[in-house]
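Trainee: Pasting a structure here, questions to come.
The values are calculated or read from the model by the stated rules, or taken from the named source; none is laboratory data. These figures come from a predicted structure and were not determined experimentally. All Cβ positions, glycine included, derive from the backbone under ideal geometry; neighbour counts span all protein chains shown. These accessible areas exclude ligands, DNA and RNA; they are computed on the full protein's heavy atoms, side chains included. Shrake-Rupley method; radii C 1.70, N 1.55, O 1.52, S 1.80 Å.
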Amino acid sequence: MSATSSLNAFCWPASKLGEAIEELAVRTRLLDKRPSMADDALSLESPEALNGDREALDQWIEAAAEWVGIEAEPLDFSYSEVEQMLRLSGPAIVRVPARGDVEFLAVAGGRRGKVVVLGPDKRLHGLGAGEVRASICRELEAPLLAGLNQLLDEAKVPERRRESVRSMMLRESLSAVTLRDCWLLRVAPQASFRRQAIKLRLPHRLAAVVVAQAIQYFLLIASWWVIGRGALEGRLDLGWLMAWALLLLTMTVFRLAVAWLQGVISIGAGALLKQRLLYGALRLDSEDIRKDGAGQLLGRVMEATAVETLALSGGFSGLTALVELVLAAFVLGAGAGGSLHVLLFCVWLGFSLLVSWRFYRRQEGWTKMRLAMTNDLVERMVGHRTRLAQQPRERWHEGEDRDLAEYIDSSRRLDSSTVLLAGLVPRGWLLVGFLGLAPSVIAEGASMGGLAVGIGGVLLAYQGLGKMVGSLSQLTGASIAWDQIAVLFKAAARPEVKGSPSEILDAKASGGGLGEKLISAHDLSFSYGERGEPVFRQCSLQVYAGDRILLEGPSGGGKSTFASLLVGLRSPDSGLLLLEGLDYRTLGARGWKARVVAAPQFHENHVMTGTLAFNLLMGDRWPPGPGGFDRAEAMMRELGLGELLDRMPSGLLQMVGETGWQLSHGERSRIYIARALLQRPRMVVLDESFAALDPESLRRALDCVLAHSSTVLVIAHP
């Protein structure tokens, strides 16, 4: 029996691929609970449409995963990495070649040379990694096997060695071949931060840190008791010294474990936070971005790094301090001072919290002042040329001296609070703590062991207070910086309308015939949240496939706002908007934007710092699929940018943007047009895209647009 035949019982057909994704997500705990939705939403009525069309399959799997509530990412791997990928990549969907159809394995994970898969019977099965690898690579190896077997016969290789020799020769021949038959399943970026942290096992590792810290300090206390008792009694025999050495050695092991766990948590939590903030930045509304200046946006980026660094380092230090302070209270209670010593320690902690609160308030005021000055400086730098031309010289630095004086005064107050917190809290406790032992010493009722434990408790509390003071500054800075980036963190959780995955395939299929209704807008009205009056009322428009529409009007008349409704960037306050007879909730954000694409106005469109190819293909697919670079280059030349492309030393891989190749206004406009056309939509909306072009370039760009898009809406001034 072939490897493929033996796997048939564990493979999912394409018609049940959506069910496989959902079931795998639930079994591997990517989801908290099974989503409630219609059964036919994840079914493929035409599985044969996926045969040989990797791009369509990518888009459908990504949309199906999004519909379920997770994220799917295509994974490319080399021939030699197949077994390693199978053992380490779960949960994942893996395509298995089959005769006449497409079949998939739902890989849950790997262990001990086995691949754990979820079968159609909803049960987990362990399969040999070699068996699964053979099934995946069967089509790739088949053309080479006949020649290899003949070569082995001619070389008279013994039968017992043929399999290993054949495997090595296949590995050598196919080492450069890349397979693209795997999709990783992950927790969605917009999922709750708690679920993402649980998937990374951060709470478990944090609990392990607490336990290891507690054991470490118990060992430290025991070592203090052993050495302190021997020193105070005036005798240290070999047995007690060996016990003390063993305690210290064991404590070192737990200390190393704590350091390792803290590193793992820092890397995982830092990556998770960055991913969340980046996704939130991409989900911000354009209106939210317009409200902030360049200085505030830059400040958010800087504070994001501060939150990660300060929160993690301060959090670990604070956690250690908390463990030490709790243990110190127990040790003080068991020492010579007893409950009176514990009460004295609690009073001192209360005093420390009051001093800390004062420090927090002053640092908060100082940080806000610093951020305001930074934002103002960036804004002045951005508008420096305008200030030189329009503002009198004597007013260039108006208000700066006053701001600096207030900042210096705030810094002095903060420094005084810092000195009080760092100097008085831990060192003052040493004096108070040893005074708490004085009654027991004077009364001569304390044993040597009790006195040693009491001294150890005082020193442990001193160490904990010192770490608390050190972590407080970092946590305070992180808390204040959080106010700057909280909007990004919250934006990541904004819900996005999900459409049926089957609509993704329809979006890339050839559209209906000319003359069929594409967009139907009835009585649309829209107003911005802070404005009372609507931008427009009861606007209606019918767009048929093949229409070429020119929309003219004065500045501020609502043309661009109306276009943003058509492309799905905004939702109307009232009215009905249909695309191919379906509303936005049916198609979803992904399905709608795959059909209608816009090239916004110049001030709302950007050339990113990256390669030219990335800027052209970012709306379609990145990394690009087969033929992506060729299509991008052909589009550039059709738009009259061939000379620009030829001048670039790296061609499409030339870095462009703020730190790369500088582009003119007209070149940027045509790149925006190319970016929209390369997405191959049913309809293109060009918002003043031709304003910066000379007549010859305009004619050429317009011919290119009409050649690549049958339905066009152009917005321009009269």
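Trainee: Estimate the FRET efficiency between Glu364 and Val419 by the formula 1/(1 + (r/R0)^6), using the beta-carbon distance for r and 22 Å for R0, to the nearest 0.05.
Mentor: Efficiency, rounded to the nearest 0.05: 0.75.
Trainee: Continuing with the same structure: In nm, what is the difference between 0.36 nm times the number of residues separating Ala9 and Met373 and their Cα-Cα distance?
Mentor: Value of the extension gain: 124.4 nm.
Trainee: If I stretch the segment between Arg138 and Ala707 completely, what's the gain in nm (0.36 nm per residue apart, minus their alpha carbon distance), one decimal?
Mentor: Here the segment from Arg138 to Ala707 would lengthen by 200.6 nm.
Trainee: Let me ask something else about it. For a 28 Å ceiling on Cα separation, which of these pairs sit above it: Lys368/Lys498; Lys559/Lys593; Lys199/Lys274; Lys517/Lys559; Lys33/Lys274; Lys33/Lys498?
Mentor: In this structure, Lys368/Lys498 exceed 28 Å between Cα atoms.
Trainee: Residue by residue, what Karplus-based ³J(HN,Hα) values in Hz, rounded to whole numbers, does the range 274-279 have, using 6.51, -1.76 and 1.60 with θ = phi - 60° and x for Gly and Pro?
Mentor: The phi angles translate into 4, 4, 5, 5, 5, 5 Hz.
Trainee: Ignoring any ligand, DNA or RNA, what whole percent of the accessible area of the range 593-718 comes from carbon and sulfur when the probe is 1.4 angstrom?
Mentor: Values: 3000 of 5480 Å².
Carbon and sulfur together cover 55 percent of it.
Trainee: Let me ask something else about it. Gain in length, Leu248 to Ser80, computed as 0.36 nm per residue apart minus the alpha-carbon separation, to one decimal in nm?
Mentor: Taking 0.36 nm per residue and subtracting the Cα distance, the gain is 55.8 nm.
Trainee: With all protein chains present, how much of the accessible area of the range 83-225 (probe radius 1.4 Å) comes from carbon and sulfur, to the nearest whole percent? It would help to have the intermediate numbers written out before the result.
Mentor: Details: 4170 of 7580 Å².
C and S fraction of accessible area: 55 percent.
Trainee: Now for a different question. Treating the range 547-668 as a set of equal point scatterers at the Cα positions, no solvent, please give the Debye-formula log₁₀ I(q)/I(0) at q = 0.14, 0.18, 0.19 Å⁻¹.
Mentor: The computed values of log10 I(q)/I(0) come out as -0.79, -1.10, -1.15.
Trainee: Taking 7 Å along the Cα-to-C-beta vector as the label spot, tell me the Leu645-Ile267 distance in nanometres, rounded to one decimal.
Mentor: In this crude label model, Leu645 to Ile267 measures out at 4.2 nm.
Trainee: With labels modelled as points extended 7 Å from the Cα through the Cβ direction, what inter-label distance (nm, one decimal) is found for Asp285 paired with Asp237?
Mentor: 7.9
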